[in-house]
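Contents: one structure, followed by commentary.
The values are calculated or read from the model by the stated rules, or taken from the named source; none is laboratory data. Given the structure is predicted, the values throughout are model-derived calculations rather than measurements. As a convention, Cβ positions derive from the backbone with ideal geometry for all residues, glycine included, and neighbour counts pool all protein chains shown.
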């Protein structure tokens with residue numbers, strides 16, 4: 001019997017999440033859990049998931065998938081006290097239940113790996129979002145993600161209040177310095193991309209100088225990425241060209257500097273660290289075996 005009434009997902013779940021979890025579970029179990037052979041098949045336990053530090057949750061849909069009891073086990077249950085995107089504090093119990101001990105202990109680490117990692121991304125994202133909240137710009141992620149975990153990490157960014165940049169190389173055109181060098185100029189690169197690309201795709205150009213910004217705007221870029229420019233330079237460029245295109249600031253953003261860039265009037269600030277360097281949120285599971 002499952003008692004949870006809360007939909008754990010915030011919006012639509014990422015495509016392929018279930019197969020990813022199954023692969024991770026199989027990676028851990030291999031040919032069989034050697035330690036769980038010590039336990040009786042009919043042994044059950046009560047469990048609770050407790051947060052050990054403040055943060056923003058992400059991954060409860062995976063917890064539900066792994067710990068939801070089988071319908072025939074009428075005495076077992078799962079109760080959710082929160083959903084993805086919930087702000088929590090140390091000591092909060094976000095889920096609890098009763099389940100077969102072998103099932104629970106075999107899946108415990110896989111569940112915690114997802115819950116702690118994804119909640120870490122959501123938590124760090126929320127800190128950046130809080131820093132820029134008064135200035136009307138969006139915090140967006142990058143493609144600097146863990147291989148195989150991109151869709152889940154980008155989902156975690158959304159749970160933390162951030163927004164997604166392109167998912168991969170297929171859903172947006174981003175002309176960077178190497179593309180410009182290979183083609184010869186920003187204008188040529190933009191023209192070639194317009195001719196060869198899907199007309200529905202947004203086109204963004206990475207610029208390192210004010211001259212490049214001028215050329216990108218003249219060439220018709222939908223978005224101009226201001227790469228590693230100072231807040232002062234960024235502010236001057238945005239003020240001069242406001243309304244001609246959208247602006248994204250990028251380059252080693254951190255919680256100390258990000259508000260200065262938000263004050264410049266840019267539309268977006270991309271932050272690679274929210275996915276590639278987010279520390280896991282401390283969460284643990286308490287288990288009580290029932291003889």
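Here is the figure for segment 1-28: residues that are under 24 Å from residue 118 (Cβ atoms) and not in a helix (DSSP H, G or I) total 15.
Here is a yes/no grid of residues against (1) buried (at least 20 other Cβ atoms within 10 Å of the Cβ); (2) in contact (Cβ under 8 Å) with a residue 60 or more places away in the chain; (3) under 21 Å from the mean Cα position of the chain (by Cα):
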{"site": "26", "(1), (2), (3)": "no, no, no"}
{"site": "50", "(1), (2), (3)": "no, yes, no"}
{"site": "53", "(1), (2), (3)": "no, yes, yes"}
{"site": "67", "(1), (2), (3)": "yes, no, no"}
{"site": "72", "(1), (2), (3)": "no, no, no"}
{"site": "80", "(1), (2), (3)": "yes, yes, no"}
{"site": "89", "(1), (2), (3)": "no, no, yes"}
{"site": "93", "(1), (2), (3)": "no, no, no"}
{"site": "103", "(1), (2), (3)": "no, no, no"}
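May I ask you to verify whether residue 232 is assigned by TED's automatic domain parsing to the domain that holds residue 137, out of contact with any strand residue (DSSP E or B) (no Cβ under 8 Å at 6 or more places or on another chain) and within 30 Å of residue 170 (Cα to Cα)? No; evaluated as a whole, the condition is false for this residue.
For segment 170-198, a tally of residues being outside any helix (DSSP H, G or I) and either in contact (Cβ under 8 Å) with a residue 12 or more places away in the chain or closer than 26 Å to residue 127 by Cβ (or both) returns 8. Looking at the structure I just gave you, is residue 226 within 30 Å of residue 100 (Cβ to Cβ), touching a helix residue (DSSP H, G or I) at 6+ places or on another chain (Cβ under 6 Å) and modelled with pLDDT of 95 or more? So residue 226 does not fit the description; no.
With respect to the conditions (1) surrounded by fewer than 20 Cβ atoms within 10 Å (Cβ to Cβ); (2) at pLDDT 95 or above; (3) not in a loop (DSSP other than H, G, I, E, B), residue 31 lacks only one, and its number is (3). The set of residues from segment 139-167 being more than 10 Å from residue 275 (Cβ to Cβ), touching a helix residue (DSSP H, G or I) at 6+ places or on another chain (Cβ under 8 Å) and surrounded by fewer than 18 Cβ atoms within 10 Å (Cβ to Cβ) comprises 148, 163, 164, 167.
Taken over segment 199-213, the criterion of being crowded, with 17+ Cβ neighbours inside 10 Å and in a helix (DSSP H, G or I) is satisfied by 212, 213.
In this structure, residue 111 qualifies as at pLDDT 95 or above and over 30 Å from residue 223 (Cβ atoms).
The one condition from (1) modelled with pLDDT under 95; (2) in the same structural domain as residue 282 (by TED's automatic domain parsing) that residue 53 does not meet is (1). Of all positions in segment 131-145, none carries a residue that is part of a helix (DSSP H, G or I), over 24 Å from residue 257 (Cβ atoms) and assigned by TED's automatic domain parsing to the domain that holds residue 170.
Can you work out which of the residues in segment 168-198 that are under 31 Å from the mean Cα position of the chain (by Cα) and loosely packed, with under 12 Cβ neighbours inside 10 Å is farthest from residue 270 (Cα to Cα)? Per the stated criteria, the residue is 196. Considering 234, 209, 142, the condition of being more than 26 Å from the chain's Cα centre (by Cα), within 30 Å of residue 56 (Cβ to Cβ) and modelled with pLDDT of 95 or more is satisfied by 234 alone.
Quick check on my filter: what residues within segment 215-230 are in a helix (DSSP H, G or I) and surrounded by fewer than 17 Cβ atoms within 10 Å (Cβ to Cβ)? Full working, then the answer.
So the first thing to find is which residues in segment 215-230 are in a helix (DSSP H, G or I), and the list is 215-219.
The answer is 218, and nothing else.
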